[in-house]
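I have placed the structure first, in the form of C-alpha cells, so that the comments after it can refer back to it.
The values are calculated or read from the model by the stated rules, or taken from the named source; none is laboratory data. Because the structure is predicted, anything quoted here is derived from the model rather than measured. For neighbour counting, all protein chains shown are included, and Cβ atoms are generated from backbone atoms with ideal geometry for every residue, glycine included.
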Amino acid sequence: MLRLAAITAFTICLVPHIAFAAVNRPVSDPQALSLAAQALTAMTAGNVITDVTLTGDVVWFAGDIKTGIVTLSAKGSTESRVDLQLGSETRTDIRNAAAGPQGGWIGSDGVTHAYVQHNCWTDAGWFFPGLSSLTQASNPNLIFSYVGQETRNGLPVQHLRAYQFRSLANDFVPTLSTMDFYLDSVSLLPLFITFNVHPDNDSSADIPMEIRFAKYGPINGVLVPFHVQQLFNGGLFLDFTVNSVKINSGLPDSFFAIP
C-alpha cells in the first residue's frame with residue numbers, strides 16, 4: 001500500500017508538470033506560416049532546391065577595402081561554405097550541423113579557427129533565402145511569428161520572425177537563433193534578413209547583422225538574388241554581385257567538412 005501511495009503521489013506531481021510543459025511549448029503563428037510558404041513559392045515556384053552554388057565579384061570592407069571573387073555554396077538549411085579570393089589572400093568560412101551547430105574559418109595560412117557555438121544557431125546559408133528558415137515552415141521546432149507590415153529602407157515589407165525551439169531548459173537557443181525576415185509586400189520575395197552575432201567571449205552582447213537582397217532573376221525556374229550585401233554593426237562588410245548560378249549540382253556533405 002505504501003508503494004502504491006508513493007507511485008500515486010509521483011503521478012499526481014508529474015501530470016501537472018507534463019501538462020504545464022505542453023501548454024507552454026510555443027507554436028507558430030498561422031499568418032506567419034502562410035507568408036513563409038508564399039515567400040518560398042515566390043522564390044522557387046514549387047521547385048525543390050537541395051543545394052546551390054553562387055559565384056561572383058566581391059568587395060570586402062573589413063579594414064582595407066579589397067576586391068576579388070567569391071563562391072558561396074549551401075546545401076539544405078544547415079550547410080554552407082564561402083570561399084573568398086582577395087588578390088593573394090584567401091579565406092574560407094564553413095558551417096554545418098554534423099555534430100550540432102558548428103563552424104570555422106580558414107585563412108591563407110591554412111589554419112582552421114573554430115567558431116564559438118553561440119554564433120552558429122542562425123541559418124548557415126544566409127546568402128541564399130531559397131535555403132533559409134523560410135523553407136522550414138513545417139518544422140515544429142522552428143517557431144514563426146508575424147510582426148507586422150512595416151517600411152524598411154523606404155520599402156514596404158511584411159516582417160516575420162523565426163527562432164529554434166529545443167526544450168524549455170534551453171532558454172538561450174531562441175535568443176541566439178532568432179532571425180527576422182522582411183518580405184516585399186507585393187512579391188513576398190525576401191529583401192532583408194537580420195540577426196545578431198556575438199563576441200566569442202560574450203553570448204549576451206548583440207552585434208546586428210543585416211543581409212540585403214536585390215536584382216532577383218530567374219535560373220531554372222528559381223528566382224535568385226544577383227546582388228547581395230552583408231552589413232555588420234550597421235556598416236557595409238561584403239558586397240557581391242552574382243555572375244553564375246548552379247542549382248542542385250549534387251554537392252556532397254564532405255564539401256562542407258571543417259578541416
Would the stretch 198-208 turn up any residue that is surrounded by 17 or more Cβ atoms within 10 Å (Cβ to Cβ) and aliphatic (A, V, I, L, M)? no
Which pairs have Cβ atoms under 6 Å, sit 6 or more apart or on different chains, and link a residue in the stretch 97-113 that is in contact (Cβ under 8 Å) with a residue 40 or more places away in the chain and over 20 Å from Ala74 (Cα atoms) to one that is assigned to a loop (DSSP other than H, G, I, E, B) and not hydroxyl-bearing (Ser, Thr, Tyr)? none
Flag if Ile143 is buried (at least 20 other Cβ atoms within 10 Å of the Cβ), farther than 28 Å from Ala32 by Cα and modelled with pLDDT of 95 or more: no
Hey, any hits in the stretch 155-166 for a residue that's in a strand (DSSP E or B), within 19 Å of Thr41 (Cα to Cα) and among the polar types (S, T, N, Q)? yes
Inspect all residues belonging to the stretch 144-162 and state whether any of them is without any contact (Cβ under 8 Å) to a residue 24 or more places away in the chain and under 14 Å from the mean Cα position of the chain (by Cα). no
Among the residues of the stretch 200-227, write down those that are within 18 Å of the chain's Cα centre (by Cα) and not in a strand (DSSP E or B). Ser203, Asp206
Checked pairs for the stretch 77-90, first assigned to a strand (DSSP E or B), second surrounded by 18 or more Cβ atoms within 10 Å (Cβ to Cβ) and among the small types (Gly, Ala, Ser), C-beta under 6 Å and 6 or more apart or across chains, list as Glu79/Ala124; Ser80/Ala74; Ser80/Ala124; Ser80/Gly125; Arg81/Ser73
Thr90: passes all of (1) surrounded by 14 or more Cβ atoms within 10 Å (Cβ to Cβ); (2) closer than 16 Å to Asn248 by Cα; (3) in contact with a Gly (Cβ under 8 Å, 6 or more places away or on another chain) but (2)
Can you spot a residue in the stretch 108-118 that is at pLDDT below 95 and either in contact with a strand residue (DSSP E or B) (Cβ under 7 Å, 6 or more places away or on another chain) or aromatic (Phe, Trp, Tyr) (or both)? yes
Looking at (1) in contact with a His (Cβ under 9 Å, 6 or more places away or on another chain); (2) over 23 Å from Thr44 (Cα atoms); (3) surrounded by fewer than 12 Cβ atoms within 10 Å (Cβ to Cβ), which one does Lys215 not meet, given that it meets all the others? (2)
Residue under question is Arg81, and the condition is that it be closer than 26 Å to Ala205 by Cβ and basic (Lys, Arg); does it hold? no
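I need a count of the residues in the stretch 96-143 that are in a loop (DSSP other than H, G, I, E, B) and within 12 Å of the chain's Cα centre (by Cα).
11
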